[in-house]
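Worksheet: the structure to be examined is printed underneath.
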């Protein structure tokens with residue numbers, strides 16, 4: 001094997017941090033040669049101000065130092081020209097998963113609630129983080145444009161990278177994340193009405209490069225407003241996960257979020273009762289927000305929708321969830337053995353019931 005082929009083979013192990021694909025496959029390696037025991041490579045960045053340039057340089061250096069013949073590495077960073085970027089965009093666009101396509105292998109789960117303050121966003125972040133930690137490819141859209149919180153919950157401070165008309169989402173805890181909050185200069189309010197909300201979601205789905213995903217989560221705003229309707233129109237294959245607390249008023253409002261499926265033809269995966277109880281030091285449980293709400297909601301939705309809508313989980317009220325949310329580290333990662341984390345992990349595993357594959361799907365055939 002020639003020296004350049006040995007170096008290229010090593011560089012196949014280096015993924016672009018944003019596109020999550022090998023730099024060799026993305027044509028980012030312009031040249032690679034061995035000069036004595038020094039490897040000299042030139043890497044083309046997708047844009048001039050690439051925020052991950054130091055990461056790419058470090059990973060390229062580490063990969064080449066793993067080659068037996070190499071003792072030193074000289075990495076030169078360049079930038080793709082417009083033609084090279086256009087070719088890369090075309091290649092990526094042709095491989096985007098069409099989430100709205102009935103034959104898409106990506107499972108789309110929209111997490112809904114009737115009212116705010118029930119922990120919907122933190123549950124969404126934890127489910128996405130746990131599935132990503134299990135080796136699945138996961139994306140997360142913060143569809144709560146007016147009350148976005150996902151960037152903070154996932155510990156994201158960097159902005160998305162723009163490659164001409166394509167947006168590369170930041171990756172946190174193995175999850176590709178996009179939120180309107182990433183495009184604002186400060187914590188300013190977003191004062192948009194229905195058509196603009198629809199367009200924002202449409203752009204997240206068409207302009208953001210998620211690549212091939214196993215799961216795409218959407219953190220919906222509370223209630224049954226414009227965004228819930230837009231999700232059903234743009235992602236007709238999406239399924240709903242309804243979040244409530246045990247409190248009767250929360251359950252009554254959450255019922256509306258679930259029964260919207262009657263109009264949108266979406267399937268309700270199940271009910272999650274958050275903040276079910278507080279475990280006291282003596283082992284007893286304090287039902288801070290009452291009891292029975294999740295079970296009542298499950299029974300009501302089952303009756304109205306005409307199929308079984310199970311109560312999938314009762315997640316305890318725990319300080320570790322709040323601490324993880326404040327620190328940008330989901331509790332399933334930061335305190336994985338806590339009761340709340342274990343409940344969330346079990347919930348995530350219950351969602352992975354339908355295997356991602358071709359079973360039951362029509363395949364085009366030609367002779």
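Here are the numbers for this structure:
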item	result
Residues located in the range 279-304, provided they are touching a residue at least 40 places away in the same chain (Cβ under 8 Å) and touching a strand residue (DSSP E or B) at 6+ places or on another chain (Cβ under 7 Å)	279, 293, 294, 297, 301
Residue in the range 136-150 that is assigned to a helix (DSSP H, G or I), under 18 Å from residue 243 (Cβ atoms) and in contact with a strand residue (DSSP E or B) (Cβ under 9 Å, 6 or more places away or on another chain) present	yes
Filter result (within 29 Å of residue 172 (Cα to Cα), surrounded by fewer than 20 Cβ atoms within 10 Å (Cβ to Cβ) and in contact with a strand residue (DSSP E or B) (Cβ under 8 Å, 6 or more places away or on another chain)) within the range 1-13	8, 12, 13
Unmet criterion (only one of (1) within 24 Å of residue 316 (Cα to Cα); (2) at pLDDT below 95; (3) buried (at least 17 other Cβ atoms within 10 Å of the Cβ)) for residue 131	(2)
Subset of the range 295-319 [under 26 Å from the mean Cα position of the chain (by Cα), surrounded by 13 or more Cβ atoms within 10 Å (Cβ to Cβ) and outside any loop (DSSP other than H, G, I, E, B)]	311, 312, 313, 314, 315
Unmet requirement for residue 244, which otherwise passes all of (1) in contact with a strand residue (DSSP E or B) (Cβ under 7 Å, 6 or more places away or on another chain); (2) free of Cβ contacts under 8 Å to residues at least 24 places away in the same chain	(2)
Given (1) over 22 Å from residue 168 (Cβ atoms); (2) in contact (Cβ under 8 Å) with a residue 24 or more places away in the chain, index of the condition residue 36 fails	(2)
Which numbered condition residue 153 fails, given (1) closer than 12 Å to residue 221 by Cα; (2) within 13 Å of the chain's Cα centre (by Cα)	(1)
Scope the range 81-111; condition in contact with a strand residue (DSSP E or B) (Cβ under 8 Å, 6 or more places away or on another chain) and at pLDDT below 90; matching residues	84, 85, 88, 89, 92, 93, 99
Hits in the range 14-65 (condition: in contact with a helix residue (DSSP H, G or I) (Cβ under 6 Å, 6 or more places away or on another chain) and surrounded by fewer than 14 Cβ atoms within 10 Å (Cβ to Cβ))	33
Some residue of the range 160-169 being within 30 Å of residue 327 (Cβ to Cβ) and crowded, with 23+ Cβ neighbours inside 10 Å	yes
Flag for residue 105 being assigned to a helix (DSSP H, G or I) and either closer than 20 Å to residue 321 by Cβ or touching a residue at least 40 places away in the same chain (Cβ under 8 Å) (or both)	no
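This table checks each residue for (1) in a helix (DSSP H, G or I); (2) farther than 22 Å from residue 168 by Cα; (3) outside the structural domain of residue 171 (by TED's automatic domain parsing).
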| position | (1), (2), (3) |
| --- | --- |
| 25 | no, no, yes |
| 40 | no, yes, yes |
| 50 | no, no, yes |
| 59 | yes, no, yes |
| 69 | no, yes, yes |
| 77 | no, no, yes |
| 85 | yes, no, yes |
| 90 | yes, no, yes |
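The values are calculated or read from the model by the stated rules, or taken from the named source; none is laboratory data. Just so you know, these numbers come straight off a predicted model, no measurement behind them. Quick reminder, even Gly has a Cβ in these numbers, built from the backbone with ideal geometry, and neighbours come from all protein chains shown.
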